[in-house]
Amino acid sequence: MKSKAAALLLLLVGGFASLQIGLVKAQTVDINAQRATIAAERNRLEASFLTEDSACYKKFAVNSCLENVNARRDVAMANLRRQEILLNDAQRKNIAEQQIRKNQEKLSPESLQQNGERQNKAIEDFRDRQGRDQESAQWRNAAVANESAARDANAARIENHKKKIQIRAERQADAVEDAKKFRERQIRAQERRVQHDTDEAKRLKPALRSLPLPQ
């Protein structure tokens, strides 16, 4: 029984050792597929070891049997774990190489030219936006200035109209005052004429009385 267990253990170790050699070249192997293979192998071994555990309980030396199964289980799982570690290292290596290639591509003449073209395009777009913003600002300033000038012109027209109305009213008031004074002068002149005529009549009246009556 022990010889069979040892042979199975050597077979497992040898098989996983050869698998480790293949994993050294994991850079060219699909890592996800390798992970799936390891997971499937782990499930298969766990099922097999559980079957052996169940069989140990039917034997007389239960503990010895279980220890043997657990020892082989530890070896098998440790090998699977080492495979996963190799895959992780390979994946990190692939990621690092990809990053190096990307950096090299960024430093290539074509990439530098493309970056320069993109920068020039961004500068042109910025200048275009800046020009449009300046035009918009000039248009707004002109509109504000025109609106202010229109308000000032309208205020000036209103003020001029008010002044004309005021001048017209003052002229009308002066005309009324002149007409009033003219009428007053006429009345005073008429009164002076009447007074003169009255005084003249009184002065001539005694002379008329002294004349002899005709015979």
- Note on the structure: Around Ser136 (Cβ within 13 Å, Cβ-to-Cβ, excluding Ser136; K/R +1, D/E -1) the net charge comes to 0
- Karplus-derived HN-Hα couplings along segment 87-96 (A = 6.51, B = -1.76, C = 1.60, θ = phi - 60°), whole Hz, x at Gly and Pro: 5, 4, 4, 5, 5, 4, 5, 4, 5, 5
- Task: In whole Hz, with x marking every Gly and Pro, tabulate ³J(HN,Hα) for segment 185-192 from phi via Karplus 6.51 cos²θ - 1.76 cosθ + 1.60, θ = phi - 60°.
- Result: 5, 4, 5, 5, 5, 5, 5, 5
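Each reported figure results from applying straightforward, stated rules to the coordinates on display, with no laboratory input. Here the structure is a predicted model, which means the values were calculated and not measured. We place every Cβ from the backbone using ideal geometry, glycine too, and count neighbours over all the protein chains shown.
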